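Worksheet: one structure, shown below.
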Amino acid sequence: MDSDRRTHLSRARGLGSAKEGVHHFWAQRVTAVALIPLVVWFAVSLIMMSGADYGVVRAWIGSPVVMVLLVLTIVIGLHHGQLGMQVVVEDYVHNEGMKLALIVLMRFIAVFFGLAAIVAILRIGFGG
Amino acid sequence: MSVANRPVHRPLSPHLQVYKPQLTSMLSILHRATGMALSVGALYLVVWVVFASASPRTYAMFQSFNVSILGRIFLGGWLFCAFYHLCNGIRHLFWDMGYGFELKDAYRSGWIVVAVSLAATIVSWIVGLRLA
């Protein structure tokens, strides 16, 4: 007799009671690891640019390497934040409808702001 | 309603109102709080690049907030949140790999996180204000 009382199919799928397996957990960790060097780079850059004027900031954002790293930092940061905020909502909001609405809303916000940032950075880089 | 069906309002664990504050639990709460702050802070970051892309006038407007006292506190707080969440996040990743669970180790890594994130914040403030 199986000790964990799950069916063979359930065990093979490995999705558990959350019905999505370890996807959320794993995505949170992978984005966390990616953010370690990105946040260090970004924080140091930001401090070094204290008091920089408009031209300097634009030239910095628009340089090719910075464009790539900045898009990565913001997009991965928003994704990681959305995953984290989802857990907070799941922990404290007990009304199922409200919980679902908030989780969907936070996804929309993350995607909207992510795209806005990408467009803005590309616009600076390509001189729009 | 029968007695058996009546809802019972027993206290839920952990009993925060009688719970002795400890470094480990406080740092855990702070990790979540800084994570929430940084989620909002990330949106502010997006506003920054959007304003920078728009025009010198909108950017000047944005900058005038950043250089105000409130803006300095906001950005300085943002940096502390970033450093703290970064350091404690690394601590969490080690736990995820199964290291550092002994009570002694959890306290030691906790104090290291506090020291490093405070030191990094103070150094950033000093360097940032000198350059500004």
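The values are calculated or read from the model by the stated rules, or taken from the named source; none is laboratory data. These figures come from a predicted structure and were not determined experimentally. Neighbour counts are summed over all protein chains in view; Cβ atoms, including those assigned to glycine, are modelled from backbone coordinates with ideal geometry.
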**OP:** Give the residue that is surrounded by the fewest Cβ atoms within 10 Å (Cβ to Cβ), with candidates limited to residues of the stretch A:85-128 that are of a type in the set (Gly, Ala, Ser) and within 30 Å of A:Ala59 (Cβ to Cβ).
**Re:** A:Gly127
Original post:
Looking at B:Ala82, is it surrounded by 12 or more Cβ atoms within 10 Å (Cβ to Cβ) and free of Cβ contacts under 8 Å to residues at least 12 places away in the same chain?
Top reply: no
Original post:
Which members of the stretch A:38-72 meet the condition of being touching a residue at least 12 places away in the same chain (Cβ under 8 Å), under 25 Å from B:Ser68 (Cβ atoms) and either outside any helix (DSSP H, G or I) or more than 8 Å from chain B (Cβ to nearest Cβ) (or both)?
Top reply: A:Phe42, A:Ser45, A:Trp60
**OP:** Of the numbered conditions (1) modelled with pLDDT of 95 or more; (2) under 25 Å from A:Val68 (Cβ atoms), B:Ser55 fails exactly one; give the number of that condition.
**Re:** (1)
**OP:** Inspect the stretch A:76-84 for any residue being closer than 15 Å to B:Arg32 by Cβ, buried (at least 16 other Cβ atoms within 10 Å of the Cβ) and of a type in the set (A, V, I, L, M, F, W, C) and give the result as yes or no.
**Re:** yes
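Does B:Gly98 fit the bill of being over 11 Å from the mean Cα position of the chain (by Cα) and buried (at least 19 other Cβ atoms within 10 Å of the Cβ)? Step through it out loud before you land on a result.
Working: over 11 Å from the mean Cα position of the chain (by Cα): yes; buried (at least 19 other Cβ atoms within 10 Å of the Cβ): no.
No.
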